[in-house]
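No lab work stands behind these numbers, since they all come straight from the coordinates. Everything quoted here is computed from the prediction, not taken from an experiment. Cβ coordinates were reconstructed from backbone atoms using ideal geometry, including for glycine residues, and neighbour counts include every protein chain displayed.
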Amino acid sequence: MNRYRSFAVLALLSWLAACAETPAAPAPWPEPLAADADCTLDSTLVPGVPGSPGHLIRSSRNPNGDSELSALMRRFIDDLYAARAAVEAGKPVTPMYPTHRRMRCSWFTKPEERDALYDGMAQGYLASVQAFDATPSQDTYNAIINGCAACHSVKCGGPLDYIDGMRWR
Ligand code: HEC
C-alpha cells in the first residue's frame, strides 16, 4: 500500500486537471455492466450520478473531486496489475471488458470531450481488452497498454510516462 501512498503524494504535487501524471488510490467502484446493457457514444448520460458534473467523487488526489471517467481509469490500472499478476502466477483472469466498456458512457471532467475521436479509440482499446480476456498473455496485455498510450497521446498526455511504465517487458 506504500506504493499507493507515494502515488497520492506525487499526484497532489503534480496535479494537472484530469490528466494527472500518476494515479491515486484505486476505486473499488464501478460494477461490471450487464452483457445487454447499452453503452455507446449515443448513450445519454444520467445527470447526478457519482462523477458527473457537480457530483464529483471525493478524492485525496484532486481537491475538486474526480469525474466518473477518471475514477474508471484508475480502476483500469488496478485491473491490469491484477491481471498481469494472475497470468504470471498461471491463475485465471477476471474478465475486464464488462467494466472497462463503461468508458464509452462515463462522464468526463469536461463533458464536451466525449466525442467521436475518443469513442473510436475507446473501441480500439476495448477490442484489445476482449482479446486479452479471451487469451491472457504478455502479448495481449501489452496490446492493451498500446491502446492506453494511443488514446493518451491524442486526448490527455499527462499519464503517458506512467502508462509506459505499465508495459510488461
Ligand atoms: C479512448 C481514450 C482513452 C483510453 C483508451 C485510456 N484513457 Fe485514460 N483517460 C482518458 C481521458 C479522456 C481521461 C480524462 C478523464 C476526465 O475527463 O475526467 C483519462 C484519464 C486518465 C488518468 C488520470 C486519472 C486521474 O487520476 O485523474 C490516468 C492515470 C489514465 N487515464 C490512465 C489510463 C490507462 C492506464 C489506460 C489503459 C489501461 C487508459 N488510461 C486508457 C482517455 C483514455
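A few comments on the model shown:
- Packing-based exposure ordering (other Cβ within 10 Å, fewest first) of Ser106, Ser70: Ser106, Ser70
- Residues in the stretch 89-131 reached by a label modelled at Val46 [backbone nitrogen below 20 Å; 7 Å Cα→Cβ]: 98-109, 111
- With neighbours defined as other Cβ atoms within 10 Å of a residue's Cβ, the residues Arg58, Arg84 order from fewest to most as Arg58, Arg84.
- Gain on full stretching of the segment that runs from Ala34 to Glu113 - 0.36 nm per residue minus C-alpha separation: 25.9 nm
- Dimensionless Rg ratio for the stretch 36-169, taking C-alpha atoms and the 2.2 N^0.38 Å reference: 1.05
- Cα-projected label distance for Ser153 with Ile57, points at 7 Å along beta-carbon direction, nm: 2.8 nm
- Ranked for footprinting exposure by Cβ neighbours inside 10 Å, fewest first, Arg169, Arg75 give Arg169, Arg75.
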